[in-house]
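Taken together, the values in this text are just the output of simple stated rules run on the coordinates, not laboratory data. Note that the structure is predicted; figures quoted are calculated from it, not measured. Cβ sites come from the backbone with ideal geometry, for glycine too, and all protein chains shown count toward neighbours.
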């Protein structure tokens, strides 16, 4: 990671290859494949090594034995990790999707935890993160619940409830709400750390922007600054204005989750 480690992003739609950095990688919660009996019906399977056989039987994954004269030995199939958390298949033999979702959102929570980032800073700069798994299902469920909240704050398609104490577009130098005619971003937006105000133009300011929100990055990019810089010289629509205020509130709420995320990490390592 050229810019250092940032917590992962979350999306419900396909991402661009350069979402956070060149050659960004996405890990899907589920894999989709088309049933041969229909051109429109799809079946979803959890993205897990435990279901490689399911994919092979469906003809999606081609499995071949090594050649007789090959010096390579086949790699062992990963052991099913989720057996410690209870049933992973229903009575009909189909996968229990809930169990896999718990692992998915637990992973998002741990990788977003400030304590995890601080304790493994040197290692995270060089290699893929390793994620500790909780010893008990109850701990896994608690961690996943926090991870779902992280996902809702990161997902542009979600509409989480956000406190309105931060992120307000106002007339420059006042606390009065900015009117639509003044929603223009000037050529040189600047952040005032003393007042905690993002000065967008001579007539427009974004008030209630804590420095920690201003400095927040995803993939090494400053989220708030990048959004504004790409819109210099433009007049914002009301939807744009609502989204800009929402960025401040989403980031603020995400940072406020730091303590709960650290608890999720501690629970996975058996320290809580």
Point to revise | Simple label model, 7 Å out from Cα along Cβ direction - residue 11 to residue 240, nm | key: 2.2 nm
Check your understanding: Could the peptides 152-162, 247-257 be put in order, highest first, of the mean number of other beta-carbon atoms found within 10 Å of their residues?
Key -> 247-257, 152-162
Check your understanding: What Rg and what Dmax come out for segment 85-225 when only alpha-carbon atoms are used, in angstroms?
Key -> 21.0, 66
Study note, to complete from the structure: dims of segment 168-253, Cα set, principal axes, largest to smallest, nearest Å -> 34, 24, 23
Check your understanding: Quick one: Cα convex hull volume of segment 224-271, Å³ per residue?
Key -> 77 Å³
Exercise for review: Have a look at segment 148-209 and give its Rg and Dmax from the Cα atoms, expressed in angstrom.
Suggested key: 13.7, 40
Point to revise | Footprinting exposure proxy for 200, 111 (fewest neighbouring C-beta atoms within 10 Å first) | key: 111, 200
